[in-house]
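In what follows, a structure is listed as structure tokens, so that the remarks can point back to it.
The values are calculated or read from the model by the stated rules, or taken from the named source; none is laboratory data. Since this is a predicted model, take the numbers as computed values, not measurements. Here the Cβ positions follow ideal geometry from the backbone for every residue, glycine too, while neighbour counts run over all protein chains shown. Just so you know, the surface numbers come from the protein's heavy atoms only, side chains and all, with ligands and any DNA or RNA stripped out. Shrake-Rupley method; radii C 1.70, N 1.55, O 1.52, S 1.80 Å.
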Amino acid sequence: MRVSSVVLLAFAAAGPLAAQRPAVPPVDSTKVVSLRLTDGSELTGRVVAVDDRSLTLLTFAAARVLLPRGSIRSWRALAGRVTSTGFRRSDPNTSRLFFSPTGRTLPRGSGYFADYYLFLPVAAVGVTDRVMLSGGMSIIPGLSSQLVYVAGKVGVYDSPDAAVAVGGFWATVPDESDASLGMGYLVTTLGSDDHAVTLLAGYPFTTRQVAREPLFVVGGETRIASRSKLMAEVWKLPQENNVPALFGLRWFGDRLAVGFGLVYVIGPDNIGGWPFVPWVDFAINW
């Protein structure tokens, strides 16, 4: 079996095994749940009472809805918070911007499968609340060997308004059997899950040498609607006068996220004519 296949299988196996879930959610006045009923409708609120025959749900309109247990097809807990305009779901993608990592890590047992430009699939999983691992490979047609990528990130500090992490990655170089590259970095995210700035500094290295200058990334994100964010990140590469900048929009749901953006190179070698390169990615979260 090829190394790239082993990497993806390992991260797939690291995903949480689905445990047997109770037929109805337990009573919890603080947890928000979504109930899907046998008639196809969906209700959201907090479970305030359960007995052998029924469940009572308190909705955000302050209505108590009594539901027979047999009317509940499935349920799931929702991550988020209650605001003056209703319930606002959490963004499950806060461990990354478009491509740059942030200072936040994945919660234990959660993870995602992402694909950049359709040619670079990546999987990530939270081993603990402070440690996450990721890996993937390229699937570029025409290459005799593909890029294989593994990475890790450890949260050093985490609060609602700031997060600090250290991390690193290692990758093979396509069509170069004896070459590899990587980087160790420190990353800080200042702000909330809705509005934040990310600052990253790291030292890239190859099989043969370490970069003489550090790499810097400055990024930001701001929530503009219940399910969308504006994001941007700027990369200052070592010994390069050109600075790639990536900006655009991320739409996210409870499980699926899609990013659309444009890449612009700031510097003497920027692309003539239409100066933007499209960016697209998607992620499936669990």
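A few points about this structure:
- When we screen PHE247, PHE205 for residues that are open to solvent by 70 Å² or more (accessible area, probe 1.4 Å), hydrophobic (A, V, I, L, M, F, W, C), modelled with pLDDT of 95 or more and on the phi < 0 side of the Ramachandran plot, the only hit is PHE247.
- Complete set of residues in segment 184-216 that are over 14 Å from TRP235 (Cα atoms), of a type outside the set (Val, Ile, Thr) and under 25 Å from the mean Cα position of the chain (by Cα): GLY184, LEU186, LEU190, GLY191, SER192, ASP193, ASP194, HIS195, ALA196
- Only one of the listed residues (TRP251, TRP235) is in a strand (DSSP E or B), within 24 Å of ILE139 (Cβ to Cβ) and aromatic (Phe, Trp, Tyr). That residue is TRP235.
- Criterion (under 20 Å from GLU213 (Cα atoms) and modelled with pLDDT of 90 or more) met by exactly one of PRO238, PRO278: PRO238
- Count - residues of segment 191-216 that are over 30 Å from ALA179 (Cα atoms), in contact with a Gly (Cβ under 8 Å, 6 or more places away or on another chain) and not small (Gly, Ala, Ser): 2
- Taken as a whole, the condition of being out of contact with any Ser or Thr (no Cβ under 8 Å at 6 or more places or on another chain), part of a strand (DSSP E or B) and either hydrophobic (A, V, I, L, M, F, W, C) or within 17 Å of GLY253 (Cβ to Cβ) (or both) does not apply to ALA123.
- Restricting attention to segment 45-63, the residues that are farther than 16 Å from VAL27 by Cβ and assigned to a strand (DSSP E or B) total 0.
- Pick from segment 128-141, criterion touching a Lys or Arg at 6+ places or on another chain (Cβ under 7 Å) and farther than 16 Å from TRP170 by Cβ, ranking: most open to solvent (accessible area, probe 1.4 Å): ASP129
- Qualifying residue in segment 178-199 (condition: assigned to a strand (DSSP E or B), over 30 Å from ALA225 (Cα atoms), touching a Leu at 6+ places or on another chain (Cβ under 6 Å) and modelled with pLDDT of 95 or more): yes
- The set of residues in segment 20-63 that are touching a helix residue (DSSP H, G or I) at 6+ places or on another chain (Cβ under 7 Å) and surrounded by 15 or more Cβ atoms within 10 Å (Cβ to Cβ) comprises VAL24, LEU37, SER54, LEU55.
- Condition met for VAL156 (among the hydrophobic types (A, V, I, L, M, F, W, C), crowded, with 18+ Cβ neighbours inside 10 Å and either in a strand (DSSP E or B) or in contact with a His (Cβ under 8 Å, 6 or more places away or on another chain) (or both)): no
- In segment 64-116, the qualifying residues are those that are of a type outside the set (A, V, I, L, M, F, W, C), at pLDDT below 90 and assigned to a strand (DSSP E or B), and the one that is most open to solvent (accessible area, probe 1.4 Å) is ARG81.
- Selection within segment 182-198 - crowded, with 18+ Cβ neighbours inside 10 Å and aliphatic (A, V, I, L, M): MET183, VAL187, ALA196
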